[in-house]
């Protein structure tokens, strides 16, 4: 039971300052431990504030955008400062910036430069935004990115493995294209690719195993769901030992060199994984569900991941919800908020209008955003 979970740590953003980011020149929020509701008309920059937070996590942020496009159109660089309270008022000061001219991103913790990977390990974060709802009908790559985002908060090395894998895959593709005769280098690359594919796929499997019981035991008003892999390395690992899967992958890389050269890529590897997501309540694949049902499935998935993370790590992730409440009926709004409060996560929510049911909820701060910045709220 969730209420039996004893939390060891509590991650929350004490202070956020955003400068020259999208339409914002200099904006600051100091929520402390409180969750945050940002209300404002479309186009005033609500999502941009969530995006500024999200770039401390895995991937390209809540909009899946390039850093270059996040810079204020009249400036050459942006910066985001975030003070993270990780335990008993122990604060880590994060800062990230990106320069338009040299196209370099910098990340600092307590004024010392570090890697972006290091920040992801300390800031577990999940979100729902308009583009994430497309995972059900979009490409396989969009589903992989989404599930890898969840895996990363459970396994701090997952994103590093993915980056290494992508690097080696590009190197192999270039060697094939150039018809390189360096067989030893090709063998070494394919050995690394096989090993990394198994490691990445194993981590995906392990994470979905952690989520499984929570996916089928969701909040009553939201649908239960099932996630499975299709024709993937993950399925091989269920049936065979990892060492056998790895050896078979090396053989496949070797035997497919010529066709991979013609295709300009690789037919095998963890980058080919796809997922099938099923609405158990309706016995229907998610891609066949209505847009409203897909939103509810996505909420169920994020709640399951948050609950599993709390159970595993004894702390709650920060949750970003962009315009999620706007399209839900009152019962679902209330049920979702109650579950989020039960998780004790710090929640950052955007909405176009004031939601009355928020007014009676504890530990929320309210901000009205206009084109001129925040008004008192």
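The values are calculated or read from the model by the stated rules, or taken from the named source; none is laboratory data. Bear in mind the structure is a predicted one, so any value in this text is a computation, not a measurement. Ideal geometry is used to build each Cβ from the backbone, glycine not excepted, and the neighbour counts take in all protein chains shown.
When 205, 196 are checked against the criterion of being buried (at least 19 other Cβ atoms within 10 Å of the Cβ), touching a residue at least 12 places away in the same chain (Cβ under 8 Å) and out of contact with any strand residue (DSSP E or B) (no Cβ under 6 Å at 6 or more places or on another chain), a single residue qualifies: 196.
Any chance the stretch 63-76 includes a residue that's at negative phi, in contact with a helix residue (DSSP H, G or I) (Cβ under 7 Å, 6 or more places away or on another chain) and either without any contact (Cβ under 8 Å) to a residue 12 or more places away in the chain or assigned to a strand (DSSP E or B) (or both)? No, because not a single residue in the stretch 63-76 is at negative phi, in contact with a helix residue (DSSP H, G or I) (Cβ under 7 Å, 6 or more places away or on another chain) and either without any contact (Cβ under 8 Å) to a residue 12 or more places away in the chain or assigned to a strand (DSSP E or B) (or both).
Could you tell me whether residue 69 is surrounded by fewer than 19 Cβ atoms within 10 Å (Cβ to Cβ), over 19 Å from residue 318 (Cβ atoms) and in contact with a strand residue (DSSP E or B) (Cβ under 8 Å, 6 or more places away or on another chain)? Against the criterion (surrounded by fewer than 19 Cβ atoms within 10 Å (Cβ to Cβ), over 19 Å from residue 318 (Cβ atoms) and in contact with a strand residue (DSSP E or B) (Cβ under 8 Å, 6 or more places away or on another chain)), residue 69 does not qualify. The set of residues from the stretch 290-309 being more than 25 Å from residue 38 (Cα to Cα) and modelled with pLDDT of 95 or more comprises 308, 309. Taking the numbered list (1) part of a strand (DSSP E or B); (2) surrounded by fewer than 18 Cβ atoms within 10 Å (Cβ to Cβ) in turn, residue 277 passes all entries but (2). Could you please find all residues in the stretch 139-156 being surrounded by 14 or more Cβ atoms within 10 Å (Cβ to Cβ) and not in a helix (DSSP H, G or I)? Listed by number, the residues that qualify are 155, 156.
Assessment of the stretch 121-137 against the conditions (without any contact (Cβ under 8 Å) to a residue 24 or more places away in the chain and more than 23 Å from residue 324 (Cα to Cα)) yields no matching residue. Scan the stretch 211-239 for residues that are under 18 Å from the mean Cα position of the chain (by Cα), in a helix (DSSP H, G or I) and under 23 Å from residue 271 (Cβ atoms) and the total you get is 1.
Among residues of the stretch 110-136 being part of a strand (DSSP E or B) and touching a helix residue (DSSP H, G or I) at 6+ places or on another chain (Cβ under 7 Å), the one that is farthest from residue 286 (Cα to Cα) is 125.
Here's the yes/no breakdown for (1) surrounded by fewer than 19 Cβ atoms within 10 Å (Cβ to Cβ); (2) part of a helix (DSSP H, G or I); (3) touching a helix residue (DSSP H, G or I) at 6+ places or on another chain (Cβ under 8 Å); (4) not assigned by the TED database to the domain that holds residue 336:
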{"site": "167", "(1), (2), (3), (4)": "yes, yes, no, yes"}
{"site": "173", "(1), (2), (3), (4)": "yes, yes, yes, yes"}
{"site": "181", "(1), (2), (3), (4)": "yes, no, no, yes"}
{"site": "190", "(1), (2), (3), (4)": "no, yes, yes, yes"}
{"site": "201", "(1), (2), (3), (4)": "no, yes, yes, yes"}
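Is it the case that some residue within the stretch 287-295 is surrounded by 23 or more Cβ atoms within 10 Å (Cβ to Cβ) and either part of a helix (DSSP H, G or I) or not assigned by the TED database to the domain that holds residue 351 (or both)? No - not one qualifying residue is present in the stretch 287-295. Within the stretch 258-299, the set of residues being more than 21 Å from the chain's Cα centre (by Cα) and under 30 Å from residue 164 (Cβ atoms) comprises 258, 259, 260, 261, 262, 263, 264, 265, 266, 267, 268, 269.
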